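Shown next, in structure tokens, is the structure this report addresses.
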Amino acid sequence: MLRLNTGATNVWNADNPQVFVYLNGVLTGTMDMNHHELLLEQVAQAGKQYNVRFYAYSNYSQKTNFFHLTLHAVNPLIEAVYYDFKVAFEVAALLREDDERKILLYDILTKAALMMDLRNGQQEVEQSICDAGAWLRKTLEEHRSESVCEVYSIGHTHIDVAWKWPLRQTREKAARSFQTVLSLMKEYPEYVFMSSQPQLYQFVKEDRPALYKQIKERVKEGRWETEGAMWLGADCNLSSGESLVRHILHGKRFFKQEFGCDENLVLWLPDVFGYSAALPQIMKKSGVKYFMTTKISWNDTNKFPYDTVYWEGIDGSRVLSHFITTTNYVPYPELSVKRNFNTTYNGLENASQVMGSWQRYQNKDISKKVLTCYGYGDGGGGTTREMIEQGKRLQNGILNLPRVRFSTVRKFFEDLEQELQNKQVPSWYGELYLEFHRGTYTSMGAVKQKNRQCEFLLQNTETLATLASETAEMVYPHKELDAAWKLLLLNQFHDILPGSSIEEVYTQAAEDYQKIERICTELIDRSFGALSSNLSVKPCDQTQADAAIVWNPLSFGSDLVIELDGKKTVASGAEFLQDTAYGTKLYRVQQVPAKAARKLLLASNTDQSSGAGTVLAEQEKICVETEFYSATVSSTGGILRLYDKEQNRDLFAERAPGNCFKVFDDRPNEYDSWNIDASYSLKSFATTPVCNAQLVEDGEYRKVIRVRTKYRSSTIEQNIIFYLHSRRIDFETKIDWQEHQHLLKAEFPFQLFSRKISADIQFGNVERQTHKKTSREQAQFEMCAHKWVDCSENGYGAALLNDSKYGYSAEGATISLTLLKSGIYPNENCDIGHHAFTYSLYPHKEDFRTGGVVQQAYRLNCKPITFFAQNVGNEDCLPSLKLSADNIICETIKKAESGEGVVVRMYECYGCQTTLDWEYDLGECQAFECDLLERVEKQLPVQDGNISCVFAPYEIKTFLLKK
Amino acid sequence: MNRTQTEQYLKTALSALSDLRSEQMELTGEVRWTPYDYGKDPSPDQSSKEWESFERDQTWGGKDLHFCFDTMVTTPAQAAGKN
């Protein structure tokens, strides 16, 4: 046996030296600080020679590693006794002083030790140790009584797909860790291992086909479990509903196709920073029955009260959830002053953690089974020989202590479900909010913005490609779309999208988003090209164009506003609105039906004069009148007054303006880019105006006020847009941010009587308390929302919409949108540089439902797509989507994964049962209702193209239309 | 023996057992090394790389770096039949 000592014994797993070992040119094993031994032969032959090559990786900034290699001859008989003795001793040492079992075990071990001749070099040594070992095993067996408590144990290695290392290193980490598993499996037939994240398998498949082949063999033998359901451990706060669906679609499909195994049933997300209340329904409708995490034990304020629970989503879907309880055993918990209640997915499979897993379990009344997964993660190489040897002894059982059971994860959940029958299992309604990494809703604004844009872009591309393949002669680009989706999903990994990776990861992510945009732009062009005959146009360069096709990506009919450069005007099909301050022209295309197109005829613009760059007025405060408001804006961008003419009330109090920038010193105690500490709000700084507020547009469509403010070396420029006939007010924002460790928020202290808000999440919305009575509410001082948050009293309210932000705080009726968080670890330049985004204020009658908040948020996020062409006829028809209810939103229209038929996915967004009549004119079709993985569940009647169905509150429905 | 003394005795026994598990043998081959990079398996007949002798107390490492180490191991006679 070879042993390698690099001197790195107390380095974080991600940074410890990690080594591939080649024996005579063949990849044979791996080494790292947890795996410093390599077995050359089971039975050594004298004189045998090995060429040993080590391909070593270092991620520790200092050059401090040694390379001390030694050769050892191992005596397996003595080693077996060593582990027998060690495990029994560790169990005894953990028990309380007054525990009779401790006294008994010490007595047995002392007798065994006395039987051994431990004088090194004596011939009698081996025999005496073996005799003592046999006696020890026999005696322990005699005193063993069957424990009803079982600790189901699975080998595991949690590998972050990117974090403190770039993706290219993840590929190596996965291969090294998987090689370690294969080596251990050769030695230990009882060893069972699971690894989720198909993305990692894909890397290994591409880089190391021989290793991948061996994995396939182990999977076939049932020793390697491919469970987990998602493509990778995706962030579940920020990823859109459709993205989460695709994670499961691609994840399940990969495991089934590659390994031929049964359908995945367990959503395995040990390390994700909070879990959306939309997930239970997504899981259930994707055939995922069980959920596992450990992260919720990282809460900094409240211990989550259950470890086995039915988790209930916004729509009432329930999934059986178990939270791993692995932690060290505490002999005297009554004396413990420890505040944290962490558990780990990097278990050690030792006596302390096996006993601790049971001790920490909070639902002993309903189940005697707990789950532990053991093995070092992130390059620590996973399970060690020591863990398996210990597990084997604990599997046999010691006295009446909890027993290890080597198992698969699925077997654990199936047995747990069985055991819970007829028991009163607790349930937990709503999101699993992680009271810890609250900064991850905001850190790395650029990646979050690209993610949001690409999510919508991909959906629009799919819809247009579907139209082109169903109504014209285009082959649906399954392969290109798959590739683009997988790049998006990759970058939704729970340390990439949340903003908690090193800078290099984001350089790669930016390239990936560009790739997605390139693929989608090309496919949209191709789709419009194919559809051109339906629209009586001929594709051409924009300069030659005499027509434009404007496509409405929304799932409801809407006026569309388009912006053309000054070289073209619209001759017919759209109404001229206004020249902008940038030299472009705005046009309104009236009432374009959902997912439909309208043709405009263009003419060359002979009048090239524009008011670009002209400042119409410049004052410390500027007043604006619209149909709805009398407003006053200060030179810092603060809305000093917003008087709602229709409602006859002010939205902001005097001296408490809306859109007030607040800068906070943000130095969390730990996890810089991840965390915001509650104390951040104790002290804030204001921005100062650079110049007077400027009126830069004053038309019949909109009035635009430009403000410029600064904070230290950073500048903020906003165009505040008041529409003359719309309630929405947009804040087009450009920031050059140069401050490290700061939070920037825009505060809106509404004069509304409300102690709760509604927040947009995937496929629906949730209510959150803003009056912080309980410690759970107090812990939610920063929250996550997607496109909007709304604060309403009876009859009136206001929403904040955004096109790329996710973090906000709310206290009473004051909502603050978190715009930037510029932490310095692990990326010292997080959020430094240029940002451009828009958020909007949308006061409305009634609540968010009647007020049309959902639709406004979609309008802000999902802009019309314009395609330039030459007109060759009068045809102007693309199928439109007709929905009879406002509260049913359709984001996804795509070709079925099977290639047969069109998939249409919708959801109910007001939380009320709704009967929907809908049609999508693709010609005569049969209609089916499917699950989220597009598996048909039932046929639906179609009458004159119309399909009728009933949505439960917040229900997601997937339809398949087949010609 | 009191409880503490018993624990001490058992710890000593465990430590002795740990030591007796294996016997260290002489490693005769010299270790050579060379900086390496992403993307290629180091094959044993790699001649394009310039190998340098790696001394026992030399150190290596750095951020996101690779190195190759190479040595020849010969199983000594006294290890025959063991792991």
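The values are calculated or read from the model by the stated rules, or taken from the named source; none is laboratory data. The structure displayed is predicted, hence computed values, not measured ones. Here the Cβ is made from the backbone with ideal geometry for all residues, glycine too, and neighbour counts use every protein chain on show.
Observations, loosely collected:
- Filtered residues of the range A:913-939 (kept if surrounded by 13 or more Cβ atoms within 10 Å (Cβ to Cβ) and assigned to a loop (DSSP other than H, G, I, E, B)): A:D921, A:L922, A:C925, A:D931, A:L932, A:L933, A:E934, A:R935
- Of all residues in the range B:58-73, those being under 22 Å from A:S61 (Cα atoms) and either of a type in the set (D, E) or within 7 Å of another protein chain (Cβ to nearest Cβ) (or both) number 11.
- Residue under evaluation A:S297, criteria (1) touching a His at 6+ places or on another chain (Cβ under 8 Å); (2) under 27 Å from A:M444 (Cβ atoms), criterion not met: (1)
- Residue count for the range A:916-932 satisfying the condition of being farther than 19 Å from A:P593 by Cα and touching a helix residue (DSSP H, G or I) at 6+ places or on another chain (Cβ under 6 Å): 1.
- If the condition is being of a type outside the set (A, V, I, L, M, F, W, C), more than 7 Å from chain B (Cβ to nearest Cβ) and part of a loop (DSSP other than H, G, I, E, B), then the range A:29-82 contributes A:D32, A:N34, A:H35, A:H36, A:E41.
- Checking A:N669 against (1) more than 16 Å from A:P843 (Cα to Cα); (2) surrounded by 14 or more Cβ atoms within 10 Å (Cβ to Cβ); (3) outside the structural domain of A:Q544 (by TED's automatic domain parsing); (4) not aliphatic (A, V, I, L, M), the condition it does not meet: (2)
- Scan of the range A:281-303 for residues that are part of a loop (DSSP other than H, G, I, E, B), in contact (Cβ under 8 Å) with a residue 60 or more places away in the chain, out of contact with any Lys or Arg (no Cβ under 6 Å at 6 or more places or on another chain) and not hydroxyl-bearing (S, T, Y), ordered by number: A:K285, A:G287, A:K289, A:N299, A:D300
- Residues within the range A:806-826 that are over 20 Å from A:F750 (Cα atoms) and buried (at least 23 other Cβ atoms within 10 Å of the Cβ), tallied: 4
- The single condition among (1) of a type outside the set (K, R); (2) surrounded by 16 or more Cβ atoms within 10 Å (Cβ to Cβ); (3) more than 7 Å from every other protein chain (Cβ to nearest Cβ) that B:L10 does not satisfy is (3).
- Scope the range A:6-28; condition part of a strand (DSSP E or B), in contact with a strand residue (DSSP E or B) (Cβ under 7 Å, 6 or more places away or on another chain) and within 11 Å of chain B (Cβ to nearest Cβ); matching residues: A:Q18, A:V19, A:F20, A:V21, A:Y22, A:L23, A:L27
- Positions within the range B:25-52 being within 19 Å of A:L71 (Cβ to Cβ) and either in contact with a helix residue (DSSP H, G or I) (Cβ under 7 Å, 6 or more places away or on another chain) or at pLDDT 90 or above (or both), in sequence order: B:M25, B:E30, B:V31, B:R32, B:W33
- Residue in the range A:637-645 that is more than 28 Å from A:L238 (Cα to Cα), in a loop (DSSP other than H, G, I, E, B) and aliphatic (A, V, I, L, M) present: no
- Residue among B:T28, B:T4, B:T34, B:T71 that is touching a strand residue (DSSP E or B) at 6+ places or on another chain (Cβ under 7 Å), surrounded by fewer than 13 Cβ atoms within 10 Å (Cβ to Cβ) and not acidic (D, E): B:T28
- Every residue from the range A:541-562 that is part of a loop (DSSP other than H, G, I, E, B) and in contact with a helix residue (DSSP H, G or I) (Cβ under 7 Å, 6 or more places away or on another chain): A:P553, A:L554, A:F556
- From B:E55, B:E30, residue being more than 23 Å from A:G25 (Cα to Cα) and more than 7 Å from chain A (Cβ to nearest Cβ): B:E55
- All positions within the range A:91-109 that are buried (at least 20 other Cβ atoms within 10 Å of the Cβ) and at the interface with chain B (Cβ under 9 Å from one of its Cβ atoms): A:A92, A:Y106, A:L109
- In the range A:116-132, the residues that are part of a helix (DSSP H, G or I) and surrounded by 15 or more Cβ atoms within 10 Å (Cβ to Cβ): A:V125, A:E126, A:S128, A:I129, A:C130, A:D131, A:A132
- For the range A:178-199, the set of residues classified as part of a loop (DSSP other than H, G, I, E, B) and hydrophobic (A, V, I, L, M, F, W, C) consists of A:V192 only.
- Meets criteria (surrounded by fewer than 16 Cβ atoms within 10 Å (Cβ to Cβ) and out of contact with any strand residue (DSSP E or B) (no Cβ under 9 Å at 6 or more places or on another chain)) for A:G583: yes
- Any hit, the range A:611-619, residues being among the acidic types (D, E) and either in contact with a His (Cβ under 8 Å, 6 or more places away or on another chain) or not in a strand (DSSP E or B) (or both): no
- Residue in the range A:78-100 that is out of contact with any helix residue (DSSP H, G or I) (no Cβ under 7 Å at 6 or more places or on another chain), of a type outside the set (A, V, I, L, M, F, W, C), at pLDDT 90 or above and closer than 30 Å to A:D378 by Cβ present: yes
- Residues of the range A:326-382 that turn out to be among the basic types (K, R) and in a loop (DSSP other than H, G, I, E, B), as a count: 4
- Residue ID - surrounded by the most Cβ atoms within 10 Å (Cβ to Cβ), chosen from residues in the range A:281-315 that are more than 21 Å from the chain's Cα centre (by Cα) and closer than 22 Å to A:Q778 by Cα: A:Y306
- Tally, over the range A:427-441, of residues that are under 17 Å from A:N827 (Cβ atoms) and surrounded by fewer than 24 Cβ atoms within 10 Å (Cβ to Cβ): 0
- Only a single criterion out of (1) part of a loop (DSSP other than H, G, I, E, B); (2) in contact with a Lys or Arg (Cβ under 7 Å, 6 or more places away or on another chain); (3) among the aliphatic types (A, V, I, L, M); (4) within 13 Å of another protein chain (Cβ to nearest Cβ) is not satisfied by A:V148, namely (4).
- From the options A:L416, A:L399, A:L420, A:L394, residue that is surrounded by 23 or more Cβ atoms within 10 Å (Cβ to Cβ), assigned by TED's automatic domain parsing to the domain that holds A:Q169 and aliphatic (A, V, I, L, M): A:L394
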